[in-house]
Structures are given as C-alpha cells and as structure tokens.
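Read through the structure below, which is laid out as structure tokens, and then see the notes.
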Amino acid sequence: MNFSFIHTADWQIGKPFRNFPERLAGRLEEARLDAIDRLAEAAQARGIRHVLVAGDIWDSDRLSSREERQPLVRMGKHADVTWVLIPGNHDAARAGSVWSRLANLGAPANVVALVEPRPAEIAPGVVVLPAPLISRRPGSDPTAWMDHAETGAGTRRIGLAHGSVQGFGSDDGSEGIIDAARAKRAGLEYLALGDWHGAIRINARTWYSGTPEPDRFKDNEPGEALAVTLGPAGADPVVERIATGRFAWVDDEVDVATIQDLDRFATTIRRRGVVLDRIMLKLRLKGRLSLVDLIAVEAWRDRFAAELQYLDCDTRSLGLVAGLDLDVFGTSGELRTAATTLTALASAPDEPRAADASEALRQLLSILAEVRDGPQVPDAGAVR
Ligand SMILES: [Mn+2]
C-alpha cells in the first residue's frame, strides 16, 4: 500500500527580520506562521495525514512565550494532520530548550516531537528514524545510527534529519556531515532533510524541502513543500513540489543604458505571475546614463517601490555618460563648477572615485529637481 506525507523544514518561527521596516517585518513573521495553514491545506487536498518537519521549527532558543506557542497553536488547529517534528540547529534540543517545555507550552496531541534518535511508528508499518540535533553544531553525522536501526520486516523506513550533506552547502557555510548515501546505506525509502532553505533533490531518495515561506534573498527555490509518496517496495518515491510561499524574494541586477531598460525590467517582474505586493525586490543598477535618465531613475524607483511589497534599489553603480549637457546646473557659478568636476571624475576611465562622483552628481541633481518642484530638465516629464 502506498504511503504519502508532506515534507517541510526551516520554518524558523520567531525570526526577527531586523533589517526591514517594522511593519513589513511583522508581515513576514505572520506569513511564516500562515505557512503552517498552507501546509495543512496541501495535505488535506491530497488526503495526506502526516507532515514531517525536518528541523528548525523555531528560530532560536531566546523567543517569547508567544512565539514559542504560536506554531503549536497553528498545528493544533489542523487536528486531522499529525505533525512530526525534530530539532534542528536553530532550535537544538539543549537543556532548557523549547523541546523540554512542550507539555507546559500546551503542545496539542497531534504534534509528535522526536527528540531521541530511535524509531517512531507514525502509521501502521511506517517508521520515522529521526536525527534530532542536541547542539548547534553536531560533530558527527547524526544519521549514522540509522544504518543499524532495527525495525520489523517489511516496515517502511523514513529518515528525518537536519544539516548539510557532504559535498553540498549548508545555511551557515559549515562542512557537510550527513552522508549523501545514507538513504541507501540505511535502507530508507526516503530521507527528509532540512537546513538548506530551498527545495533540492540530492538523489532519488534524499531531498531538501526548503522553507515553505522564503526568508532571504537567495535564489535557491524557496517557498515550497514536498508531497512524497512511497509506492511499491523497491520503487523510488514520487516527489511532488508544492508552492506554499506568500512572498517572492527577488534578487536581480540590471544593466541600464536608458530609462526604458528599467521599464522593460519592470515588465518582466509584472509577468512573473506574482501579485506585485507579494514581491520583495533587491535590485542593483549598473551602467552609464544621460543626465535626464539619471534623474528619471529616482522617479521610476519611487513609483515601483509603491507597487511592490519592498524595494531595495542600489544605484551606487550608476554613472553618467561622458560629454553631458551641464546647462541644467546653470551656465556658470559654483554649482556648474562642482558639476563639471564631478562629471569629469564620474566619466573618467579607471577613476577610483567615479562611483562616489556619480552618486554625488545624482544627489545634486535630485536636490536641484526638488528645489524646482519636480525635474524641469527638458524631456524629463516625458520619461515614464
Ligand atoms: Mn538549520
């Protein structure tokens, strides 16, 4: 008989998002909690009764009681689903950790915390072999014990672990310790991994699910969960990728020659099929522009920022094309002299101060534009 479950990890409830405005940080935190509802919905839609969470349920061991309880309350809401949890490096099961207080925190009956490395039957004939972390940096492969774990004949064995696989990156840059061949070695039909925040297949029976709700600008396909079906004995599992993320975090760089390049870029963002106010965009602009276009960049940025959930637009690598018409700064006087000097610096090849000069010029221009109540440079108004 087939057995299906949802594989997820890296919720990191309570992650503070300190680098963002407070209101946005609140939304991002809320989205991570709501991901629990979306995981339950994904399970219910497929008739699945079990969700395996491969570690890092909580972000740290210094959370408020509310933050500790919130995911428990959410999981409890979905009583038809059994949630099977292990501690990861962020929420390692150290003395006094959240794991030792689950009963006091009111953990619901449908939450199963596996804090000891021993087989746990989660359904008739289906056993989870957990590799709970008891410290932030385990010194040895926490899945090693699975090779010798005794389970009854014909039992389906599913590994649940957290950490980096040998030869594959981790979220903190440390050396991988989990044997990539563990599933084969230990007779696991599937090894559900957490720690890498994106969904990735290591081999037919070993996957990272990634985080269900993206939490950083990293292009590693976050925002998913996996629906895994174990089929006939000897067959590889069938893994379905399910989109669960609310916010899409996009990190991009654009070479800008004219302002139209930015409009084209905005069009590609609009065509991603994600509502604009669910997009978090980190953008770097590069290139040399005319004076008119350089001013227009600022207006473009402000308009686009209002449509997106978040825009971090780095313009430090934007410069001016050589041979500008500097009459916007007047035909003589101190402003004109400063602009002339800055322009020369900004457009000189191999000038180490070129970027600073461009930025200074850009700021000078935007101040000028503000003083004049909007850019009065010829054609600037026509640039949309
Ligand atoms: Mn981790």
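The values are calculated or read from the model by the stated rules, or taken from the named source; none is laboratory data. Keep in mind the model is a prediction, meaning the values are calculated, not measured. Glycine also receives a Cβ, built like all others from the backbone with ideal geometry; neighbour counts cover every protein chain displayed. With ligands, DNA and RNA removed, areas are computed over all heavy atoms of the protein, side chains included. Shrake-Rupley method; radii C 1.70, N 1.55, O 1.52, S 1.80 Å.
TYR310 exposes around 40 Å² of accessible area when a 1.4 Å probe is run over every protein chain in place.
Length available on full extension from ALA25 to ALA204: 0.36 nm per residue minus the Cα-Cα distance, which gives 60.8 nm. With a Förster radius of 51 Å applied to the C-beta separation of ASP251 and THR155, the computed FRET efficiency comes to 0.70.
Ordering of 127-139, 44-56, 231-243, 297-309 by packing is 44-56, 127-139, 297-309, 231-243, highest average first (other Cβ atoms within 10 Å, averaged per residue). VAL115 exposes around 50 Å² of accessible area when a 1.4 Å probe is run over every protein chain in place.
A 1.4 Å probe over all protein chains sorts PHE17, PHE217 by accessible area into PHE217, PHE17, starting with the largest. Taking a straight line from the alpha carbon of LYS15, these lysines sit under 30 Å away, with near neighbours fewer than eight places off in the same chain left out: LYS77, LYS218, LYS282. Only Cα pairs under 8 Å and 6+ residues apart enter the sum, and on that basis the relative contact order of region 81-165 stands at 34 percent.
Taking a Cβ cut-off of under 14 Å around ALA305, the surrounding Lys, Arg, Asp and Glu residues balance to a net charge of -3, with basic ones at +1 and acidic ones at -1. Distance between the modelled labels on ALA338 and ARG46, one decimal in nanometres: 6.1 nm (7 Å Cα→Cβ projection). Note on SER64 and ARG353: with the Förster distance fixed at 41 Å, the Cβ-Cβ geometry gives a FRET efficiency of about 0.30. Relative to the current alpha-carbon distance between ALA233 and PHE17, full extension at 0.36 nm per residue lengthens the span by 73.3 nm.
For SER332, the accessible area of its heavy atoms, probed at 1.4 Å with every protein chain present, is near 90 square angstrom. Calculated mean residue ellipticity at 222 nm for the chain: -8500 deg cm²/dmol, from DSSP H runs with n ≥ 4 weighted as -39500 (n - 2.57), summed, divided by the residue count and rounded to 500.
Highest average first, the peptides 162-168, 193-199, 120-126 ordered by how many other beta carbon atoms sit within 10 Å of their residues are 193-199, 162-168, 120-126. Peptide packing: for 86-98, 218-230, the average count of neighbouring Cβ atoms within 10 Å per residue gives the ranking 86-98, 218-230, highest mean first.
The relative contact order of the chain comes to 12 percent, based on Cα pairs under 8 Å that sit 6 or more residues apart. The radius of gyration of the Cα set in region 3-243, together with its Dmax, comes out at 16.5, 55 angstrom. Taking the 1.4 Å solvent-accessible surface of region 3-243 as the whole, the part contributed by carbon and sulfur is 49%.
Only Cα pairs under 8 Å and 6+ residues apart enter the sum, and on that basis the relative contact order of region 248-382 stands at 22 percent. Remark: region 1-154 carries 46 Å² of accessible area per residue (probe radius 1.4 Å; ligands, DNA and RNA excluded).
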